[in-house]
1. Could you check the range 74-108 and list, in sequence order, the residues that are closer than 12 Å to Phe4 by Cα and not basic (Lys, Arg)?
2. State yes or no: is Arg42 among the charged types (D, E, K, R) and either without any contact (Cβ under 8 Å) to a residue 24 or more places away in the chain or closer than 30 Å to Phe87 by Cβ (or both)?
3. List, please: which pairs have Cβ atoms under 7 Å, are six or more places apart or on different chains, and start with a residue in the range 2-13 that is under 15 Å from Leu120 (Cα atoms) and end with one that is among the aliphatic types (A, V, I, L, M) and assigned to a loop (DSSP other than H, G, I, E, B)?
4. Give the residues of the range 1-33 that are part of a loop (DSSP other than H, G, I, E, B) and either at pLDDT below 95 or within 12 Å of the chain's Cα centre (by Cα) (or both), sorted by residue number.
5. Within the set of pairs 6+ apart or on separate chains, which have a first residue in the range 73-86 that is without any contact (Cβ under 8 Å) to a residue 12 or more places away in the chain, a second that is among the small types (Gly, Ala, Ser) and outside any loop (DSSP other than H, G, I, E, B), and C-beta atoms under 9 Å apart?
6. Report every pair of residues separated by at least 6 positions or lying on different chains whose Cβ atoms are under 7 Å apart, first residue within the range 15-36 and closer than 15 Å to Val75 by Cα and free of Cβ contacts under 8 Å to residues at least 60 places away in the same chain, second of a type in the set (D, E, K, R) and outside any loop (DSSP other than H, G, I, E, B).
7. Evaluate the following for Phe62: is it at pLDDT 80 or above and surrounded by fewer than 13 Cβ atoms within 10 Å (Cβ to Cβ)?
8. Give the range 1-47 a look and list any residue that's surrounded by 15 or more Cβ atoms within 10 Å (Cβ to Cβ) and farther than 25 Å from Ala109 by Cα, or say none.
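The values are calculated or read from the model by the stated rules, or taken from the named source; none is laboratory data. From a predicted model like this one, the values you see are computed outputs, not experimental measurements. For neighbour counting, all protein chains shown are included, and Cβ atoms are generated from backbone atoms with ideal geometry for every residue, glycine included.
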Amino acid sequence: TAFFSILLPGKHIPEHRGPYKGVIRYLLALKVPEPKEKCRIRVGNETRHWEEGKSMMFDDSFPHEAWNETDGVRVVLFLDIMRPMRFPLSVFNELFMKLIAISPYIQDANINQKHWADRLEKLFAQEREKEKV
């Protein structure tokens, strides 16, 4: 799974955890507003500040939350990578991931992602217009 996580100014994603230990999440910061110290993520007991071009990996089943206490938009690329496992768990994990991919849970997420992408495009268009002034 790959998608963009877009966190608008002043927003907080409350603590949550992924439902399944079969994936590891890779994150790459693409756009981080200043001051970067106000744009952060907490996984377990560790808090990190985003830096453009820097990445991190973590177990999505651990509790995590994120903040954007700036006036700008934060954009992070998310990649869910299948966790390496020994046989027979590797076969189960692969089958489970294929079933999840066709589930209504993921299909609804894809629809929501398209709506977010449309909203983001409008937001970026507004920012480009502001820069012209």
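1. Within the range 74-108, Val75, Val76, Leu77, Phe78, Leu79, Asp80 qualify.
2. Considered against the rule, which asks whether it is among the charged types (D, E, K, R) and either without any contact (Cβ under 8 Å) to a residue 24 or more places away in the chain or closer than 30 Å to Phe87 by Cβ (or both), Arg42 comes out as no.
3. Within 7 Å, the pairs are Ile6/Val73; Leu8/Val73; Pro9/Val73.
4. Hits for the range 1-33 are Thr1, Leu8, Arg17, Gly18, Pro19, Tyr20, Lys21, Gly22.
5. Pro84/Ser90
6. Lys31/Arg74; Val32/Arg74; Pro33/Arg74
7. no
8. Residues satisfying the conditions are Pro33, Lys36, Lys38.
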